[in-house]
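A quick write-up on the structure given underneath.
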Amino acid sequence: MRIVHTSDWHIGRRFERESLEADQRAFLSWLAALIESRRVDLLIVAGDIYDRAMPAEDAVTLLDEGIDLLRAAGAEIALIAGNHDSARRLGFGARRQALGGVHVFADERSRPRPLRLQIGGDEVFLLGVPYLDPALVTGVYDDDAEIPRQRSHESVLSAALELGRSAIGAPSIVIAHAFVTGAATSDSERSLAVGGADRVDAGIFDGFDYVALGHLHRPQTLGSDRIAYSGSPIPYSFSETAPKSVRLLETAGSAITSIEEIPVPVGRGVATISGTLGELLEDPAHEAIADRWVCAELSDETTQVMALERLQSRFPFATTVRYATRAQSSPTGIDLEAEDPASMPTEEIVFSFLADLRDREATEAERELVRAAVQQAERSMER
């Protein structure tokens, strides 16, 4: 059996303010062609199918058309809900979809049920565990132990895996959406919790032949090529400079016999460039990145007029301008890296936010408005 592992499609997401629909559609078309050419039997999508719990109509349409395309290419599909997805919305009609070869694991309030999937003469055992919010699954994994189970992602995910591990055969694949300790992150991932409660140890996956992970956007393995993030199929932030890929597994009998990383050749790349505005507009060394999403870090001492618009004359997909001289000191003179916001006057925090947002300091008239608004809010809180 041939199986492709992918994750974090984030259908409906935008890059800064720019639509990614064309890139996402291109990926789904490429993936369908890969499935057909390599005769893939099963496609795994390890969560964050959509970018929002309430996706836009265009996003729903794109996913609907994409699933039709992938099924027509010949693969059955197994997907789980991620932390960006609404489990209820994604799981609507799951039983009916399974009849058509699309297996949706999105019921986070019921204990997971292993799926024995037979395709041709081969079989594989899947344990699909949707993202489990410890606050929402209270009671699902409670037991009669004297010591109450901790309310952490590792605790509830470990409990779900324990239930499935005893009822699964080989080759076994668990599909999960989690932040495994030691993995490398990107700027575009949403934290699952605060205080480290979102981290899980890789040891909780012991006993499974392959662990298909989602949530982190950088392709990577964790100690073994059998525990892996496929990563997102296209970049969603300027930190995602690593090549994108999907993973192709082959099984024979009760074993996984090979694992191959296949580069994803579609999707616009990203680049961050530094220098004065004049240098970035003239330096021939930047010709190679003209078709990428571009972030410019300007070293000019003063704010440049219409900097983004001027950059777009050379880099059509430039989306972001930052000032390197403000990395340590904001236009208001406050060191944002060293200063504890909790110790700053409220109006100064607002001034800093406005300066970073608009690349200029607030006028005195604007400052007076902010001070008046802050004073009114503080008086209201005292009542």
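What the table shows:
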{"quantity": "Among residues of the range 203-236, those that are in contact (Cβ under 8 Å) with a residue 60 or more places away in the chain and among the polar types (S, T, N, Q), counted", "calculated": "2"}
{"quantity": "Test: Val211 is at pLDDT 95 or above and touching a strand residue (DSSP E or B) at 6+ places or on another chain (Cβ under 9 Å)", "calculated": "yes"}
{"quantity": "Leading residue by the ranking (surrounded by the most Cβ atoms within 10 Å (Cβ to Cβ)) among those in the range 270-297 that are under 23 Å from the mean Cα position of the chain (by Cα) and among the aliphatic types (A, V, I, L, M)", "calculated": "Val294"}
{"quantity": "Counted residues, the range 11-22 - those being assigned to a strand (DSSP E or B) and charged (D, E, K, R)", "calculated": "2"}
{"quantity": "Filter pass, Gly267 being of a type outside the set (A, V, I, L, M, F, W, C) and either surrounded by fewer than 17 Cβ atoms within 10 Å (Cβ to Cβ) or under 22 Å from the mean Cα position of the chain (by Cα) (or both)", "calculated": "yes"}
{"quantity": "Where Phe92 falls short, out of the listed (1) surrounded by fewer than 16 Cβ atoms within 10 Å (Cβ to Cβ); (2) of a type outside the set (Asp, Glu); (3) within 21 Å of Leu20 (Cα to Cα)", "calculated": "(3)"}
{"quantity": "Helices (runs of 4 or more DSSP H) contained in the range 23-139 and holding at least 3 residues of a type in the set (Val, Ile, Thr)", "calculated": "57-72"}
{"quantity": "Leading residue by the ranking (surrounded by the fewest Cβ atoms within 10 Å (Cβ to Cβ)) among those in the range 38-73 that are in contact (Cβ under 8 Å) with a residue 60 or more places away in the chain and not hydrophobic (A, V, I, L, M, F, W, C)", "calculated": "Arg38"}
{"quantity": "Single unsatisfied condition, Glu250 versus (1) within 28 Å of Ser186 (Cα to Cα); (2) part of a strand (DSSP E or B); (3) assigned by TED's automatic domain parsing to the domain that holds Gln118", "calculated": "(1)"}
{"quantity": "Single residue of the range 160-203 satisfying the filter (charged (D, E, K, R) and out of contact with any strand residue (DSSP E or B) (no Cβ under 6 Å at 6 or more places or on another chain)) that is modelled with the highest pLDDT", "calculated": "Asp201"}
{"quantity": "Members of the range 223-272 found to be among the β-branched types (Val, Ile, Thr) and within 28 Å of Arg116 (Cβ to Cβ), listed by number", "calculated": "Ile227, Val246, Thr251, Ile256, Thr257, Ile259, Ile262"}
{"quantity": "Failed condition for Ile334, given (1) modelled with pLDDT under 85; (2) under 19 Å from Thr272 (Cα atoms)", "calculated": "(2)"}
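The values are calculated or read from the model by the stated rules, or taken from the named source; none is laboratory data. Only a predicted model underlies this, so the values are computations on that prediction, with no experimental measurement involved. All Cβ positions, even for glycine, are placed from backbone atoms using ideal geometry, and neighbour counts span all protein chains on display.
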